[in-house]
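Since the structure comes first, as structure tokens, the remarks are kept for the end.
Since every read-out is calculated from the coordinates, none of them should be taken as a lab result. Predicted, not measured: the structure shown is a model, and the values here were computed from it. In this analysis, Cβ positions are derived from the backbone assuming ideal geometry, glycine residues included, and neighbour counts consider all displayed protein chains.
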Amino acid sequence: MKKIVLLFSSILMALSLFAAEPTLKYGPWIQKVTDTGFSVLFKTSVDVMAWVEVAPDDGTAFEASVRQPFYQTVAGRRYCGKMHCIDVTGLQPGTTYRYRIYRQKLEDASHNNSVHYGPAKVQWVGKEKTFRMKTFDTAAKSCKFAMVCDIHQRSDLYKSLLSGVKPADYDFLLLNGDIVNASVNIDTSIKYTFQPIINLTANMPVVFVRGNHEGRGMDWKLTPEVFPTTNGQFYYTFREGPVAFLVLDAGEDKPDADVEYSGHAMYDQYRAQELVWLKNAVKDPSFVQAPYKVCLIHIPTINDKGSWYAQKWANENFVPVLNEAGVQLMLSGHHHCYFVREKGACGNDFPIVVNDDEERMDVVIAEGKGIDIRVFNTKGEQVRSLKY
């Protein structure tokens, strides 16, 4: 009887694999951009072996020549599954490329030495099958990016704030934390972070700064799969044009012992490890030699009378290192309102600009021209500006 049940289960599984036509459930979105490469992420509805092909954006047909396939591999084997992260390498700085996603559906994996896949197909996203991506360029004289924060799963607001953003006009999109309420289900996190603005995230780099809410929910531990970084941490550095960026993570906003964390929080230890990393990161030649140095952190390093634990800790520990390193600007969110702490307000040698949760910041930093910040509302109207 047991053998019959197992046989019946195997037949049902095989029929299920055969019947389900793969679709892109979520994505694609772009992470880990450098001068010479980027990563394409997406999630498929069923298990597939996928790859990415890249062509110059030179007006020629994508099919004009053989394009190198880039696969996701694990310990020497091509990956087959639903969650995909494919690294594209060997590119030129500051260059726009076209890319396509291909896939083969897993048809039969019942025999270890004879795995069968369906035919190779281009994976369409709506009406699109070809996307564009521009690599970073350390030698560029300027850098422009758009920033939003504290969206908290409000998709209509999200789309409104970014309706005026065109990938060709920006170097990257900065998500400065709390785009979701909690990572209760990682699919929900992907859905609310990328799907509302997939026309942007499929065609421009996304720089992610973890907010305290992305550390909540039972699937919080899967968040690194959605937002991979060059060093595998939520604190990291990158360089675009004349700007060296420090991405920091203040963790949760209350003490570890707070009842809201159910005994799970160990952010004091985490921040202490991050501080050790920070002291070394600011000595890297790429950071030291950059004309501009900008810190990105969801919870700002302010220390007012009403400041909560993480802010006070970050102010007391991060700020002295940032001062010594010559940071010229900090961009944050968390408070759901716009305000600025100018130099010296809380021991900081740089302005701290906190964005409103219902406004978008456009930042342009150019050699010899300084830092230009313009803030827009949901109607695309400029409501304020700053110059440093």
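Using only the Cα atoms of segment 21-134, build the gyration tensor, take square roots of its eigenvalues as a ≥ b ≥ c, and label the shape rounded, prolate or oblate: rounded if a/c is under 1.5, else prolate if a/b is larger than b/c, else oblate. Walk me through the numbers on the way to the answer.
Values: a/c = 1.86, a/b = 1.63, b/c = 1.14.
Prolate is the answer for segment 21-134, as a/c is 1.5 or above and a/b outweighs b/c.
Determine the alpha carbon to alpha carbon distance for each of K25/K121; K32/K283; K144/K283; K144/K387; K105/K134; K82/K127 and list only those over 18 Å. Intermediate values should be presented prior to the final figure.
On the way: K25/K121 16 Å; K32/K283 21 Å; K144/K283 25 Å; K144/K387 14 Å; K105/K134 29 Å; K82/K127 22 Å.
Check vs 18 Å cut-off fails for K32/K283; K144/K283; K105/K134; K82/K127.
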(request) Using just the helices of the chain, give the 222 nm mean residue ellipticity in deg cm²/dmol: DSSP H runs with n ≥ 4 each add -39,500 (n - 2.57), and the total is spread over all residues, rounded to 500. (result) -5500 deg cm²/dmol
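Net charge around D219, counting only other residues with Cβ within less than 15 Å of its Cβ (Lys, Arg = +1; Asp, Glu = -1)? Let's see the in-between values first.
Numbers: positive: K43, K82, K191, R210, R216, K221; negative: D187, E214, E225.
That works out to +3.
When K166, K387 are ordered from fewest to most other Cβ atoms inside 10 Å of their Cβ, what list results?
Numbers: K166 12, K387 9.
If I rank by nearby Cβ atoms, fewest first, I get K387, K166.
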(request) Name the lysines eligible as straight-distance cross-link partners of K305: C-alpha to C-alpha under 16 Å, and not fewer than 8 places from it in the same chain. (result) K254
(request) Would you mind counting up the charge near G94? Only other residues with Cβ under 9 Å from its Cβ, with Lys and Arg at +1 and Asp and Glu at -1. (result) -1
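Tell me, in nm to one decimal, what length is gained between H336 and F62 on full extension, where the rule is 0.36 nm per residue of separation less the Cα-Cα distance?
On the way: separation 274, 0.36 × 274 = 98.64 nm, distance 4.46 nm.
Between H336 and F62, full extension yields an extra 94.2 nm.
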(request) Would you kindly state how much longer the chain becomes between V364 and A139 on full extension, computed as 0.36 nm times their sequence separation minus their alpha carbon distance, in nm to one decimal? (result) 79.4 nm
(message) I need two numbers for segment 236-388: Rg to one decimal and Dmax as a whole number, Cα atoms only, in Å.
(response) 15.9, 50
(request) Quick one: what are the phi-derived ³J(HN,Hα) couplings along segment 180-193, Karplus 6.51/-1.76/1.60 with θ = phi - 60°, whole Hz, x for glycine and proline? (result) 10, 7, 5, 8, 4, 9, 5, 5, 5, 4, 5, 4, 7, 8
(request) State, to one decimal in nm, how far the label point of V74 lies from the label point of S163, with both points 7 Å from Cα in the Cβ direction. (result) 4.2
(message) Taking the beta-carbon count within 10 Å as an exposure proxy, list H336, H298 from fewest neighbours to most.
(response) H336, H298
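Roughly what % antiparallel, to the nearest 5, for the DSSP beta bridges in the chain? Can you show the working numbers first?
On the way: 61 of 82 bridges.
Here the share of antiparallel DSSP bridges comes out near 75 percent.
Listing K121, K305, K105 from the residue with the fewest other Cβ atoms within 10 Å to the one with the most, what is the order?
Values: K121 15, K305 4, K105 22.
Result, fewest neighbours first: K305, K121, K105.
Mind pulling the per residue volume of the convex hull built on the Cα atoms of the chain? Å³ is fine. Kindly include the intermediate steps, with their values, before the conclusion.
Details: hull volume 65.4 nm³, N = 388.
Dividing the Cα hull volume of the chain by its residue count gives 169 Å³.
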(request) Would you kindly state how much longer the chain becomes between V321 and Q269 on full extension, computed as 0.36 nm times their sequence separation minus their alpha carbon distance, in nm to one decimal? (result) 16.9 nm
(message) At R0 = 41 Å, how high is the FRET efficiency between Q195 and A257 if r is their beta carbon distance? Nearest 0.05 is fine.
(response) 0.65
(message) For the pair T95/S110, report the inter-label distance in nm, with labels modelled 7 Å from Cα in the Cβ direction.
(response) 4.7
